[in-house]
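Quick notes on the structure that follows.
Every read-out reported here was derived from the displayed coordinates using simple, explicitly stated rules and does not represent laboratory data. Remember, it's a predicted structure, so these values are computed and weren't measured experimentally. Ideal geometry is used to build each Cβ from the backbone, glycine not excepted, and the neighbour counts take in all protein chains shown.
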There are 2 protein chains.
Amino acid sequence: MSTVSSGQHTRPMCYLLLLMILQLGLHTAEGVWPLPQTLISSTERFHLSPQAFYFGYGRQSAAQQGCSVLDAAFKRYFALIFPDYTSGRINAHRLKCVMLVFSGRASLKAVTVWGALRGLESFSQLVYQDDFGSYFVNKTDIKDFPRFQFRGILLDTSRHYLPVQAILKTLDAMAYSKFNVFHWHIVDDPSFPYQSRTFPDLSSKGAFHPMTHIYTQSDVRRVISHARMRGIRVLPEFDSPGHTKSWGKGQPDLLTPCYKGGIPSGTFGPINPALPSTYHFMATLFKEVSVVFPDSYIHLGGDEVDFSCWKSNPYVRAFMQKMGFGSDFTKLEAFYMENIVNITSALNKTSIVWQDVFDYHERIPKDTVLHIWKGTPASYYAELSRMTKAGMRVVLAAPWYINHISYGQDWHNYYTVQPLNFSGTEEQKKLVIGGEVCMWGEYVDATNLTPRLWPRASAAAERLWSDEKQTSNVDMAFPRLQDFRCKLVRRGIQAEPLYVGHCKQEYQGI
Amino acid sequence: MSTVSSGQHTRPMCYLLLLMILQLGLHTAEGVWPLPQTLISSTERFHLSPQAFYFGYGRQSAAQQGCSVLDAAFKRYFALIFPDYTSGRINAHRLKCVMLVFSGRASLKAVTVWGALRGLESFSQLVYQDDFGSYFVNKTDIKDFPRFQFRGILLDTSRHYLPVQAILKTLDAMAYSKFNVFHWHIVDDPSFPYQSRTFPDLSSKGAFHPMTHIYTQSDVRRVISHARMRGIRVLPEFDSPGHTKSWGKGQPDLLTPCYKGGIPSGTFGPINPALPSTYHFMATLFKEVSVVFPDSYIHLGGDEVDFSCWKSNPYVRAFMQKMGFGSDFTKLEAFYMENIVNITSALNKTSIVWQDVFDYHERIPKDTVLHIWKGTPASYYAELSRMTKAGMRVVLAAPWYINHISYGQDWHNYYTVQPLNFSGTEEQKKLVIGGEVCMWGEYVDATNLTPRLWPRASAAAERLWSDEKQTSNVDMAFPRLQDFRCKLVRRGIQAEPLYVGHCKQEYQGI
């Protein structure tokens, strides 16, 4: 029956049993998106009875009942596989039958619980219903592991506030496409919705609304827990020194006062790198953030710093002289970023920064991860070469700015990216740890997030998970992605259509 | 208080009273979208009590209680104006107070019930809540009428099936922007979802699914009734002779068999204009359609006819010779369209056809309305000149193909259209009866329809309703449209954001 292996090591931490009623029959197997590394399927099919089906732990499995991640996943995937059966229709009598009626089983071996989650997702996609509503799975053997370890989606909750519910729903859909990093670009110029314990004024004065447009500590915990249960890490970004206008509302003397004609103009620029108080504030904030967000990575931003305000400010210029930076403001920027990276290093976090930090300042700790967001293929290939040559690890986002929309089947653009097609050694290529789909928020909020993201992001998901040679043809991918999109719709994800056609079950949540 | 006049005639058919608690205060009035012809507002504001507020008919009004359209509108607009008050929180005690507590009133005069509906919409947009949840309206005087009588939205239910609920929700939103024509492009090449009484095979064989992806007679009645209650006409389109692939599945011998190498190739082209059975079928179908859709207009399509299949068919060529058309297939097309127009004329319907019919065949009944869908401003201005010079009435759709999306604030393109900026006499300009926003369905279904349509279509709505001189500036329109978009979101319409920012009440229906 269905065997799903995740991870490349040998000792399975999880050995799960998927029990089902067995009944022979013939049917073409439906696909799995993103495409597994190896999938051998046959037309021999097995009947699954919702009354009899259950997930269980194998005897040899290191994980057993009480493993909260898998216990919860069993419940979730049962409901996803048998949607007709889970809307209050289970009764006691049926539940009693569970252990009695079965004559077939499928097994899933994985080195980690996270691999087991991916395997459950693949298995759930293999189950289909015939026209009479009966559930089937074809005899299938899958061996699988991801091509890249970092498969992220960025949501921007500063340009528009996204209700927690919209984030949770996105996490659900991410798991269906096997994304494993939620990059939370939580604050930026327009608003500061993160409610800090240490600095509550940041959100009470910097959010769009101090009560309705914020993420409380409990909201953040909910997001992290929801993500974790689905094998998704939450990578918070507190972008500085630019992109911080909203910070200034709740934290006096943090931003640089801009000058015009020798006097302060009343406007503010990036964070003021010339004041010791700045670093004290940042250390205190990041101390809190590093506890609230337990992931070992933290994103420090560092992109698009506009020097004009720094240049205008006499105190900043005096500081430059004192530090021996002359009039090279990239040195000032580098000085600032170095301090911030040191703060987070001391907190045992690995930093991720946007490419600007590398572009302007190659002297950067070796374990920092660089994030490419700029340009055309030609320019990001050059950047990939340079960064990996310097021995740095890289995440590629540039080709997946999915907030940019255009008419027609633009998922092709996201699918045909070749992340390793730059000139460099095999060692260099290994330093590309993955890619990220960015949904910047200028034109996106909860009203249009989901149809803009899905299934377009799923095209990138296959690029980041699957073997490149097996997935080089968009025309072959098209019917599979169409089928996967209907699966998303059936699971309640408002995923938009790829082209003319229909799903058996259309979106009803209107 | 608030006076809303609709229509330019004198004897008011509807004279409504809007009763409210009066309390003086100062506040800037919120806007009305689309902009009324005359709006004089003051900072003097009145407190509205949901307990005391009611809509009533004036004594002089020709319409009185029992007028179903207005009785229903009163209920609907009460709920829209007081959303907090209508989620089951009304109790008997409060209802008893209705007649007792009031000390102010607003009046609305309109020549027709439809005008009264528009006035209620304007009034509802004037009411706002302060931070404590109290309702207010500023003293306002409005005189209003639409610039164009035809303000349409096309939905395409053939390329993707739209559940009835999605259509009803679109009708709700249309009324908020004062659209008054729902152009239902109900069938086309990909599917035939209209369930015909006379020819049930058309949908049972031509729909995406014979049971789940169809519009039953009762569905159609529901759509028409929902539209009528909101002052919206339903204009059905049964496009022929092209765009009919799906028709062929349920109606043998209707489509032209294409030939290759002297024998039928197995594929089919447009409807076969050479067979008498074709016209018999079309007459029977349109007889049914003209009863099911009571509107006096019917859309006959006539666009994009591909001649290659007709050319390949020896019987069609023989018919051409017999009719003296030579090898001019536009004559055959004209012959076909003339027959169809005659069929619908005999059914007392006014025909609307796409511009192709005029382009290839100027000899067309004078009362036919022409529908421009092609090209750039230069080309549609030329077409407007030519058509109106020929004395034909025109609806302009070309600049409002809203299915075409691009990144950024593309509503500007829909807002800055100048429909009468073509060369022609005043008499010619009067022949432009309106415009239409087209949402073609290649890439659109219920998952993304609403955020693609709103508020982008609202930009076109203001162009079609309001005075051009008063609405010539996109920058002035921007904050008003942003405010209107938040009103749509508050009313449960998944209208996407225009740019960075927030609404007091964000979309929650996730």
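Tabulated data
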| read-out | value |
| --- | --- |
| Set A:LYS178/B:LYS169; B:LYS430/B:LYS469; B:LYS366/B:LYS429; A:LYS143/A:LYS429 screened for pairs whose C-alpha atoms are more than 25 Å apart | A:LYS178/B:LYS169 |
| Lysine-lysine proximity count for segment A:229-352, Cα under 20 Å, sequence distance 8 or more or distinct chains | 7 |
| Potential lengthening between B:ILE40 and B:SER423 on full extension [0.36 nm per residue; Cα-Cα distance subtracted] | 134.5 nm |
| Nearest-first distances (nm) between copies at A:ALA72, label 7 Å from Cα via Cβ | 4.6 |
| Rg/Rg_globular for segment B:114-162, with Rg_globular taken as 2.2 N^0.38 Å and Rg from C-alpha atoms | 1.78 |
| Ascending count of other beta-carbon atoms within 10 Å, so fewest first, for A:SER246, B:SER308 | B:SER308, A:SER246 |
| Whole-Å semi-axes of segment A:251-386's equivalent ellipsoid (Cα gyration tensor) | 26, 21, 13 |
| Residue list for segment B:282-297, given a label point 7 angstrom along the Cα-to-Cβ vector of B:THR198 and an amide N cut-off under 14 Å | B:282-293 |
| Contour minus Cα-Cα distance for B:ILE433 and B:VAL291 (0.36 nm per residue) | 48.6 nm |
| nm² value of the averaged projected area, convex hull over the Cα atoms of segment A:188-286 | 7.0 nm² |
| Net charge dipole size for chain A [Lys, Arg +1 and Asp, Glu -1 on Cβ; Debye, nearest 20] | 1280 debye |
| Residues in segment A:231-275 that a label on A:THR350 would reach, taking backbone N under 20 Å of a point 7 Å out along Cα→Cβ | A:231-239 |
| Quotient of C-alpha Rg and 2.2 N^0.38 Å, computed over segment A:26-76 | 1.50 |
| Viscosity 0.890 mPa s, temperature 25 °C, Stokes-Einstein D of the protein assembly as shown from Kirkwood C-alpha radius, µm²/s | 76 µm²/s |
| Cα-based shape type of segment B:300-446, given that a ≥ b ≥ c are square roots of the gyration tensor eigenvalues and the cut on a/c is 1.5 | prolate |
| Quarter of Cα convex hull surface for segment B:259-298, i.e. mean projection, nm² | 4.0 nm² |
| Computed label-point distance, nm, for sites B:ALA62 and A:SER385 using a 7 Å Cα→Cβ extension | 8.0 nm |
| Order of B:PHE82, A:PHE238 - criterion: other Cβ atoms within 10 Å of each residue's Cβ, fewest first | B:PHE82, A:PHE238 |
| Segment A:360-461 - convex hull of alpha carbons, volume per residue in Å³ | 114 Å³ |
| Magnitude of the charge dipole, the protein assembly as shown, Cβ model with Lys/Arg +1 and Asp/Glu -1, debye to 20 | 2060 debye |
| Kirkwood Rh (inverse of mean 1/r, distinct Cα pairs), segment A:413-510, angstrom | 15.2 Å |
| Over chain A: Rg over Rh, Cα atoms, Kirkwood Rh | 1.01 |
| Size of charge dipole - segment B:279-379 - debye, nearest 20, with Cβ of Lys, Arg +1 and Asp, Glu -1, no other charges | 300 debye |
| Charge context of B:GLN251, other residues only, Cβ under 9 angstrom, K/R +1, D/E -1 | 0 |
| Sequence-distant residues sharing a close amide H with A:GLY58 (under 5 Å, placed H) | A:TYR15, A:LEU16, A:LEU17 |
| Segment A:262-356, relative contact order in percent, only Cα pairs under 8 angstrom and at least six apart counted | 43 percent |
| Under the Debye formula (equal points on every Cα, no solvent term), log10 I(q)/I(0) of segment B:284-359 at q = 0.11, 0.12, 0.21, 0.27 Å⁻¹ | -0.34, -0.40, -0.94, -1.18 |
| Overall dimensions of segment B:197-247 by Cα: Rg and Dmax, Å | 12.9, 34 |
| Projected-area mean, segment A:136-193, by convex hull of Cα positions, square nanometres | 5.8 nm² |
| Computed [θ] at 222 nm, helices only, for the protein assembly as shown once each DSSP H run of length n ≥ 4 contributes -39500 (n - 2.57) | -10500 deg cm²/dmol |
| Share of pairwise Cα separations in segment A:234-306, more than 13 Å, in percent | 68 percent |
| A:ASP253 paired with A:ASN339, simple spin-label distance in nm, labels 7 Å along Cα-to-beta-carbon | 1.3 nm |
| Cα lying deepest toward the dipole's positive end in chain A, options A:PRO479, A:ALA207, A:PHE78, charges on Cβ | A:PHE78 |
| Chain A - percent relative contact order, Cα under 8 Å, separation 6 or more | 15 percent |
| Label-point gap, in nm, between A:ARG222 and A:ASP306 - each point 7 angstrom along Cα→Cβ | 3.6 nm |
| Pairwise Cα inverse-distance average, inverted: Kirkwood Rh of segment A:128-256 (Å) | 16.6 Å |
| Copies compared at A:LEU168 - label distances in nm, ascending, label defined 7 Å from Cα in the Cβ direction | 2.8 |
| Label spacing, shortest first and in nm, from A:ASP219 to its equivalents in the remaining copies (7 angstrom along Cα→Cβ) | 3.9 |
